[in-house]
1. As an exercise, use a Förster radius of 45 Å and the Cβ-Cβ distance of residue 5 and residue 185 to find the FRET efficiency, rounded to the nearest 0.05.
2. Please state the relative contact order of the chain as a whole percent: Cα pairs under 8 Å, 6+ residues apart?
3. Mind sorting 142, 230, 194 by how few other Cβ atoms lie within 10 Å of their own Cβ, fewest first?
4. For a protection proxy built on the mean count of beta-carbon atoms within 10 angstrom, sort 95-108, 39-52 highest first, please.
5. Quick one: what does P(r) look like for region 248-313 with 5 Å bins over all Cα pairs, in whole %?
6. Taking R0 as 35 Å, what FRET efficiency do you get between residue 69 and residue 193 from their Cβ-Cβ distance, rounded to the nearest 0.05?
7. Based on other C-beta atoms within 10 Å, arrange 9, 22, 71, 270 from fewest to most.
8. Give me the log10 of I(q) over I(0) for region 169-268 at q = 0.11, 0.16, 0.17, 0.24 Å⁻¹, as the Debye formula computes it from C-alpha points; what are the numbers?
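Just so it is clear, none of the values below were taken in a lab; they were calculated from the coordinates. Only a predicted model underlies this, so the values are computations on that prediction, with no experimental measurement involved. Using ideal geometry, Cβ is built from the backbone for each residue, glycine included, and neighbour counts are taken over all protein chains shown.
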């Protein structure tokens, strides 16, 4: 067997859908045929790419690495021979981008501006993924960086398309003097007595998935501080010992904060590029997607807590 682009598309479809069956439906294949393809790909690569669960599948650590490379290869392949068209008369068109508070945003915008010189990017900060969908549906923005969760795919009409940038595990940020600071991994149940900083309802499944994970771990948080703000402000409060918080795998901790993986990886988040089909040409969408995946890859390389988790050390 030789690895082909169609195999990479299968992997991306399964990761995006969170289920072999849903991916098969999306690609117009039967579930048994897609399951067979997945087994052959995993045999070829020598390791499992997905963990099989009752609710679907989740990427393994190795699978996350392979998927990031697969998306990059596909984006580059799709872009061969395609160039974004300049606006008539040489005028620069403005691409209106909405984005949540993701570490991907800055590097993605820098890359996109260099690769799309004929487009001006206007960025709006929008917290709720469901609100981003409403803005896309209403034609008020052209594209968005949103979030959803395994089994809770971002909902929108046919006027909008989306592609999963990455599905990453949620880590936990603790004060540097926390009682569990020396553990390589922290069990969610061991944080049952801690106060938590939890961001508000994002319209895509959060914080419901957090409370479900706590319930599965046998507890309900004793204190919850609803927080919406920038990452540095959150870390300052954690450093002061006011609580702990789930954070992105790419977070760069300040001096008095440590970031740890959770035992068993009970929580995952997927970052999604969504766009209006009638306002974003495919080559532009491909360029934004490629810029986002490349940025995320660079961020992970700069996150020692993620590297230690991914290597199993």
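1. 0.80
2. Values: 516 pairs, mean separation 70.6, N = 313.
Computed over the chain, the figure is 23 percent.
3. Working: 142 24, 230 10, 194 18.
Final ranking by Cβ density, sparse to dense: 230, 194, 142.
4. Descending packing order for the listed peptides: 95-108, 39-52.
5. 3, 13, 20, 19, 15, 11, 8, 7, 3, 0
6. E(calc), rounded to 0.05, equals 0.30.
7. Details: 9 15, 22 18, 71 26, 270 22.
Ascending number of Cβ neighbours within 10 Å: 9, 22, 270, 71.
8. -0.28, -0.62, -0.70, -1.56
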